[in-house]
2 protein chains.
Amino acid sequence: MAAPALAIHGGAGLIARGDQEFLALARAGLGRALRSGTLILEQGGPALLAVEAAVRVLEDDPCFNAGRGSALTSEGRVEMDAALVDGATGRAGALAGVTTLRHPISAARLLLERGPHVLMAGPGAERHATALGAETIDPALLITPRALEQLERFRQSRVPASQGTVGAVACDTGGRLAAATSTGGTTGKLPGRIGDSPVIGAGTWADARCAVSATGLGEAFLRTAFAHALASRIAAGIAADEAAHQALALVRDSGGNGGCIVVTRTGVIVTLQDDDMFRASWSATQPARVAIFRDD
Amino acid sequence: MAAPALAIHGGAGLIARGDQEFLALARAGLGRALRSGTLILEQGGPALLAVEAAVRVLEDDPCFNAGRGSALTSEGRVEMDAALVDGATGRAGALAGVTTLRHPISAARLLLERGPHVLMAGPGAERHATALGAETIDPALLITPRALEQLERFRQSRVPASQGTVGAVACDTGGRLAAATSTGGTTGKLPGRIGDSPVIGAGTWADARCAVSATGLGEAFLRTAFAHALASRIAAGIAADEAAHQALALVRDSGGNGGCIVVTRTGVIVTLQDDDMFRASWSATQPARVAIFRDD
């Protein structure tokens, strides 16, 4: 029996230390998401359901850039991307540019299980996911005052706000691995922009050896096929933390920065980031831990 | 000075041997596309422009599933995907689900050069590409009688028609590599479906060592991060043809099949396929060659 492990993230970037109320809410949200995943793993449930459960909590939490609380496009709308990968079977489901789904990660699970396609975008993706049973929501309910403020700041400064994304990676007692990522993308993005999160091998990956979820400037993670670059190093025998360092160096060389979480079959958890990163982890041999700042 | 090389493909699958007129047109089209790329390489031009030029010819040619002649969705519309990667700089541009662009591959080049995003889909992608100068076309002009027949056959049999896609990979005299892929996707696909072609690391990849373009059942190429799985093997020192065999074996294990073309910095050209594949190649040391059937 493998030692179960779970890591989650809520986005990387420079996180302001001043807003104690927000930080306390975010910390509590990370704790809730971690618990919802560990509850499944402790009972011997599958990694795939654990990462979906953790990400669903973060999608509902307005502190994080996914689901409710998503970053807004240049036109002030929410367009969400998500991906779910089952490392044990190689199955995957992903959606991009969806606007009316409450839980994009659960819609990705429907695609993973029912197909016929792996990756779908826009209204066609929403129609198919809804036909498969995905829960819809009034897009206005996804917009938070915080996201509106960040768009206003972007419009004035043209400097993108901190890159948020949420994600989870897990190993279950059967040694099966899974990865999930969900995001509203970057504040002020052009309508139609797809980031790395829903791209299998860029922002999300899982196979028999490792599960990876990334956060950061999506364009650089896309150009470098970040998650697969990391996984192929682990497959070549490189230790998970060194593999993550090397892959993140590729992203930096491509003009980006960010972070990632990795879980391996032996329960190793790596959380690596250039700046601060909302993150939490737990394993059978390590108590639950929530952290935000780089030096936490 | 490196030895320039160019390979192109026009899709893999079981190609009917009966329609001599169509096969002659397809063969001529492959020849024209190959020449348009080699003309650039022979004059010392960049690989990036050579692959774009070759794919533009195939997009205009109604024999192939890209641009004019694209496969139709379940609703009878054209939704095109394309990607262009510059291995020398790591820059990339890709579009998915575009319906009104005459040359998706040239729109991908505009994204590659002007950004700000790497991957865009749907009407937002079209608006941005058009603002950057991409040529538009009446979508009705992209629909051919052949594509309508294939959709009719799909509607009756539910068996997807042969997986078409067009692509090109090149090495220029400076040793720079580039890859381009463009497609209408699979006949009868659900609206919003994105295949592997526009996904950097799945259907299209280029770096300092190799350039890759794939064709086949896109879902399996997405699940396996095919093109990056191939490139990471070449980076690990595995010969290009063996790397291609190994990566295509991953696709088969994932329930797919298809083919790919690969060019390396040393001018090695690999064309590998499970079934027949429209293909052509040329290098400074090898005369132009056009082939269609597996045993050609």
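The values are calculated or read from the model by the stated rules, or taken from the named source; none is laboratory data. Because the structure is a prediction, the values reported are computed rather than measured. In this analysis, Cβ positions are derived from the backbone assuming ideal geometry, glycine residues included, and neighbour counts consider all displayed protein chains. For the accessible areas, the whole protein counts, side chains as well, though only heavy atoms, and no ligand, DNA or RNA atoms are used. Shrake-Rupley method; radii C 1.70, N 1.55, O 1.52, S 1.80 Å.
Observations
- Cα→Cβ-extended label distance, 7 Å offset, between A:A284 and B:T89, nm: 5.1
- Within 10 Å of the Cβ of each residue in A:198-206, the mean number of Cβ atoms contributed by other protein chains is 5.
- For the stretch B:54-141, diffusion coefficient by Stokes-Einstein and Kirkwood Rh (Cα), 25 °C, 0.890 mPa s, µm²/s: 191
- Placing a label point 7 Å from Cα along the Cα-to-Cβ direction at A:R114 gives distances to the equivalent points in the other copies of 4.0 nm, listed shortest first.
- Loop-located trypsin sites (Lys or Arg not before Pro) across the stretch A:4-67 with a Cβ neighbour count of 12 or fewer within 10 Å are A:R17, with loop assigned by DSSP.
- Sorted peptide list for B:67-74, A:283-290, criterion being average Cβ within 10 angstrom, highest first: B:67-74, A:283-290
- Neighbouring partner chain Cβ atoms per residue of A:88-101, average, 10 Å criterion: 3
- Estimated inter-spin distance, B:A28 and A:R127, nm [label 7 Å along Cα→Cβ]: 3.8
- Averaging the sequence gap over all C-alpha pairs within less than 8 Å and six or more residues apart, then dividing by the number of residues, gives the stretch B:5-128 a relative contact order of 17 percent.
- Based on Cα atoms of the protein assembly as shown, Rg over Rh with Rh as the Kirkwood radius reads 0.97.
- Accessible surface buried at the A:B interface totals approximately 2500 Å², computed with a 1.4 Å probe on protein heavy atoms.
- Across the stretch A:241-286, the relative contact order, built from alpha-carbon pairs under 8 Å that are at least six residues apart, equals 30 percent.
- Volume per residue that the Cα convex hull of the stretch A:57-202 spans, once the total is divided by residue count, Å³: 101
- Computed label-point distance, nm, for sites A:Q156 and B:S74 using a 7 Å Cα→Cβ extension: 4.7
- Among B:E75, B:E21, B:E42: highest mean-square fluctuation, GNM of chain B, C-alpha pairs under 10 Å: B:E21
- When only the Cβ of Lys, Arg, Asp and Glu is charged (+1, +1, -1, -1), the dipole of the protein assembly as shown relative to its Cα centre reaches about 0 debye.
- Across the stretch A:169-289 the C-alpha pair distances fall into 10 Å bins from zero in the proportions 15, 48, 30, 7, 0 percent.
- Where only C-alpha atoms are counted, convex hull volume of chain B per residue in Å³: 111
- Cα-centred dipole magnitude for the stretch B:5-197, charges only on beta-carbon of K, R (+1) and D, E (-1), debye, nearest 20: 240
- Per-residue mean of foreign Cβ neighbours for B:108-118 is 3 (Cβ atoms of other chains, 10 Å radius).
- Here the relative contact order of the stretch A:176-279, from alpha carbon pairs under 8 Å that lie six or more residues apart, stands at 25 percent.
- 5 Å binning of all Cα-Cα separations within the stretch A:1-112, expressed as whole percents from 0 upward: 2, 12, 19, 21, 20, 14, 8, 3, 1, 0, 0
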